[in-house]
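Here is the structure we will look at, set down as structure tokens.
The values are calculated or read from the model by the stated rules, or taken from the named source; none is laboratory data. Here the structure is a predicted model, which is why all the values come from computation and not from measurement. Counting neighbours? That spans all protein chains shown, and the Cβs are built from the backbone with ideal geometry, glycine included.
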Amino acid sequence: MNHYEALLGAERPVHDQDAFSAKHPPMPREKRAKLFAPFDALTGYNEALDEQEVVYQERAELGEAKRQELDEKLQSLWRLYQERKRGGKWAFDPPVVTVTYFEEAPEQDECGLYRTLTGAVAKLDLAHRFLLLQVGERAVRIRLREICEYSGDELCDSV
């Protein structure tokens, strides 16, 4: 048995009525526990590591009925876009939609993440096949072929 193993099993030293115990009374167990509480020196580091641990999944193929439903919603959004753009209302009253889309993983074929965002439609470009969604301060460009679900009040009313 080495010196440290002997210390692990040892009891706390007891000081009877000497100068040390008068100056340093025993600390209550609750306060002692706080001394040994875990300390996070790099605040946010563990959260950043958790974000890096991403589990990718394969892209699900949409059925014909689902594709038809998405096309109808896209056409509805396109008509709304054209109508408000002509009336000059688009910049002041863009529709808010929730979009679920597939984001491809870097360096992996057919694997990625499904993300769901809610934001104002900043632009809908059918020629280049993308939707620009304003989410807070950032604009997110989403390819139309990656979208697997649209929802929004204007879309539900018109489809």
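ARG129 satisfies every condition listed in (1) surrounded by 14 or more Cβ atoms within 10 Å (Cβ to Cβ); (2) modelled with pLDDT of 85 or more; (3) over 18 Å from the mean Cα position of the chain (by Cα) except (1). Looking at the structure I just gave you, is THR100 at pLDDT 90 or above and under 21 Å from ASP71 (Cβ atoms)? For THR100, the condition - at pLDDT 90 or above and under 21 Å from ASP71 (Cβ atoms) - is met.
Can you give me the number of residues within segment 109-130 that are of a type in the set (Ser, Thr, Tyr) and under 16 Å from VAL54 (Cβ atoms)?
2
For segment 71-83, residues that are of a type in the set (Lys, Arg) and closer than 30 Å to ASP109 by Cβ total 1.
Each residue in segment 132-159 was checked for being loosely packed, with under 13 Cβ neighbours inside 10 Å and at pLDDT 85 or above, and 5 pass.
When restricted to residues that are without any contact (Cβ under 8 Å) to a residue 60 or more places away in the chain, under 26 Å from the mean Cα position of the chain (by Cα) and over 21 Å from GLY136 (Cβ atoms), segment 71-123 contains 10. Considering segment 55-70, the residues that are under 25 Å from the mean Cα position of the chain (by Cα), surrounded by 10 or more Cβ atoms within 10 Å (Cβ to Cβ) and not hydroxyl-bearing (Ser, Thr, Tyr) include one that is farthest from CYS111 (Cα to Cα), namely LEU70.
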